[in-house]
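The values are calculated or read from the model by the stated rules, or taken from the named source; none is laboratory data. No experiment lies behind these values; they were computed from the predicted model shown. Here the Cβ positions follow ideal geometry from the backbone for every residue, glycine too, while neighbour counts run over all protein chains shown. We work out accessible area using only protein heavy atoms, side chains counted, and drop any ligands, DNA or RNA first. Shrake-Rupley method; radii C 1.70, N 1.55, O 1.52, S 1.80 Å.
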Amino acid sequence: MEMKLDGNAAAGIPQVTFPFDMTLVQATCAGCGATNAFGAIAAYMHGMGTVVRCQSCDTVLIRVAQVRGRYLLDMPGIRVLEIGTES
Ligand SMILES: [Zn+2]
């Protein structure tokens, strides 16, 4: 079972792995080069974890899974992760 959410909703899970405000993050897709605010990116949450996809080309940007008390973070589709320090 899969639940589609926007990146703002998904930000709660990676917050453990990304210790900054995810609403200030922009991601550039390695597949198509589009840069989008993290909050505008589609996220799919299910039992295995969270998959964040590019809203332009559907490339998998980030996968997050929690296994035995550890977070596994894979970012196969991120070319650049731009982290703002203020809004
Ligand atoms: Zn893309």
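Looking only at the stretch 37-47, how many residues end up being more than 16 Å from the ligand (Cβ to nearest atom) and aliphatic (A, V, I, L, M)?
Counting residues in the stretch 37-47 that are more than 16 Å from the ligand (Cβ to nearest atom) and aliphatic (A, V, I, L, M) gives 1.
Anything in the stretch 36-54 that is open to solvent by 10 Å² or more (accessible area, probe 1.4 Å) and either of a type in the set (Ser, Thr, Tyr) or part of a loop (DSSP other than H, G, I, E, B) (or both)? List them, or say none.
Passing the criteria: Tyr44, Gly47, Met48.
Out of curiosity, is Thr50 touching a residue at least 24 places away in the same chain (Cβ under 8 Å), within 11 Å of the ligand (Cβ to nearest atom), hydroxyl-bearing (Ser, Thr, Tyr) and over 16 Å from Phe20 (Cβ atoms)?
Spelling it out, it is not the case that Thr50 is touching a residue at least 24 places away in the same chain (Cβ under 8 Å), within 11 Å of the ligand (Cβ to nearest atom), hydroxyl-bearing (Ser, Thr, Tyr) and over 16 Å from Phe20 (Cβ atoms).
Filter the stretch 55-81 for residues that are part of a loop (DSSP other than H, G, I, E, B) and within 11 Å of the ligand (Cβ to nearest atom) and give the result.
Within the stretch 55-81, Gln55, Ser56, Cys57, Asp58, Thr59, Gly77 qualify.
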